[in-house]
Amino acid sequence: MSAQPQIRNLRFGSLAHVARHWHGGRHSVTTFFDNLSVFFPRGERFFVASVRAHQKRVSDPELLAAIRLFCG
């Protein structure tokens, strides 16, 4: 398997250095991506639940390890 997911630390420091309109200074594009990101947590939970629901059908140890990392 070529690329393996990595579990990341989701604690952020101060975001004071990030520009208000962070996507190239463009308000409309920044607003679009800010709003799109609101739906990511729900979508991620759906994908993780879907993968976990079928994990018992996987027998390949390498793929099982990738599943554990993905769900992490």
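When 5, 41 are checked against the criterion of being out of contact with any His (no Cβ under 6 Å at 6 or more places or on another chain) and in contact (Cβ under 8 Å) with a residue 12 or more places away in the chain, 5 stands alone in meeting it.
Taken over region 12-62, the criterion of being over 22 Å from residue 72 (Cα atoms) and among the aliphatic types (A, V, I, L, M) is satisfied by 15, 16, 18, 19, 29, 36. Taking region 1-40 as the range and being at negative phi and small (Gly, Ala, Ser) as the test, the residues that pass are 2, 3, 13, 14, 16, 19, 28, 37.
Just so you know, all these numbers are worked out from the coordinates, no wet-lab data involved. The structure presented is a predicted model; accordingly, all values stated were derived computationally and were not measured. Here Cβ is always computed from backbone atoms with ideal geometry, including for glycine, and neighbour counts include all displayed protein chains.
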